[in-house]
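Sharing a structure here in structure tokens format.
The values are calculated or read from the model by the stated rules, or taken from the named source; none is laboratory data. Since this is a predicted model, take the numbers as computed values, not measurements. Counting neighbours? That spans all protein chains shown, and the Cβs are built from the backbone with ideal geometry, glycine included. Just so you know, the surface numbers come from the protein's heavy atoms only, side chains and all, with ligands and any DNA or RNA stripped out. Shrake-Rupley method; radii C 1.70, N 1.55, O 1.52, S 1.80 Å.
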Amino acid sequence: ALPRDLEGVRVAVSAGGTREPLDPVRYLGNRSSGRQGFALARVAAQRGARVTLVAAHTADLGTPAGVDLVRVGTAEQLREAMHAAAAEADVVVMAAAVADFRPVAPAEHKIKKSDRDPDPVALTRNPDILAELVAARRPGQVVVGFAAETGDAEAGVLEHGRAKLKRKGCDWLVVNAVGDGRAFEVEDNAGWLLSAGGSETPIPHGSKAHLASALWDAVVRTSNF
Ligand code: C5P
């Protein structure tokens, strides 16, 4: 049985990939399955936490037992739901793959096929939700980000992770190497857990539940809930 070391701790987790509409039937999306975020929510609930899971598009994963699931579509919707959940949370985890850009003005009607060349799609930047949550952090609240880095060189992936941790200002950053069939759309994961204090812990290859346990162990060890 898992330890009940998150008993009563309020947790907000985001998961999945946002979809940014181009028109009523089309969107810009990404390959996130939501599995890592769902594993984080499930394991936290099993350890006694009160969990709100804000999920954008995911694979068909069901609702983890004892978790309050909020479904969203776009980055803007995810932003609102996470700000609301974070206002009452002790720990906030941004595991969602948020679109960095969205179409400026989604077409009101389905874009028609035509013989002329299509217009380019004008994009605008989405807000960095993690950075906003850090800026709005409650006293003592723990904020965790994820970083998916492509590339093979461990040193380069870690260096990017360190820079991102500083830039975002979160307490923990889970860095995982993606691409070549790693992390996205698969059952397992591996990476490093970086802390604002400078610790760097490798997370060996294993299930997404295993990575979730490693993160919750670290959070429990370093917080006084
Ligand atoms: O900068 P990058 O997208 O690599 O950072 C990834 C982290 O930032 C993840 O925790 C992701 O959920 C979060 N993020 C966000 N809002 C965005 C883009 C990423 O909160 N617009």
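For VAL220 and ALA105, calculate 0.36 nm times their separation in residues minus their Cα-Cα distance, and state this gained length in nm to one decimal.
The span from VAL220 to ALA105 would gain 37.0 nm if fully extended.
Moving on. Which GluC sites (Glu not before Pro) in segment 44-103 pass both tests, a DSSP loop state and at most 11 other beta-carbon atoms within 10 Å?
GLU88
Let me ask something else. Hey, rough spin-label estimate for ARG138 and THR150, points 7 angstrom out along Cα→Cβ, what's it come to in nanometres?
That separation, rounded to one decimal, is 3.9 nm.
Taking a quarter of the surface of the convex hull around the Cα atoms of segment 47-86, what do you get in nm²?
So the mean shadow area of the Cα hull is 3.1 nm².
So how tilted is helix 208-222 from the main axis of the chain? Cα-based, degrees 0 to 90, rounded to 10.
50 degrees
Still on this model: Given a 1.4 angstrom probe, what's the average accessible area per residue across the chain, in square angstrom?
52 Å²
Carbon and sulfur: what percent of the chain's accessible surface (1.4 Å probe)?
C and S atoms contribute 51 percent here.
Suppose R0 equals 30 Å. What FRET efficiency, 1/(1 + (r/R0)^6) with r the Cβ-Cβ distance, do VAL121 and SER207 give to the nearest 0.05?
0.20
Ok, one more. If you filter segment 162-201 for trypsin sites (Lys or Arg not before Pro), then keep DSSP loop positions with at most 15 other Cβ within 10 Å, what is left?
none
I've got another one for you. Where does the chain land at 222 nm, in deg cm²/dmol rounded to the nearest 500, when only DSSP H runs of n ≥ 4 count, each adding -39500 (n - 2.57), divided by all residues?
-8500 deg cm²/dmol
Highest mean first, what order results for 27-34, 50-57 on Cβ atoms within 10 Å?
50-57, 27-34
Do you know the relative contact order of the chain, to the nearest whole percent, from alpha carbon pairs under 8 angstrom that are 6+ apart?
Averaging sequence separation for qualifying contacts and normalising by length gives 19 percent for the chain.
Translational diffusion coefficient of segment 1-143 at 20 °C, 1.002 mPa s, Stokes-Einstein with Kirkwood Rh over Cα pairs, in µm²/s as a whole number.
132 µm²/s
Can you tell me how much longer the chain between ASP188 and GLN77 gets when fully stretched, taken as 0.36 nm per residue apart minus their C-alpha distance, in nm with one decimal?
37.2 nm
A further question follows. Is the shape of segment 113-190 best called rounded, prolate or oblate, per the rule: a/c under 1.5 gives rounded, else a/b larger than b/c gives prolate, else oblate, with a ≥ b ≥ c the square roots of the Cα gyration tensor eigenvalues?
oblate
Gap in Å between the Cα centre of segment 38-86 and the Cα centre of segment 175-212?
19 Å
Right, another one. Only bridges whose two residues both fall in the chain count here: according to DSSP, what percent of them are antiparallel, nearest 5?
Within the chain, antiparallel bridges account for around 40 percent of the total.
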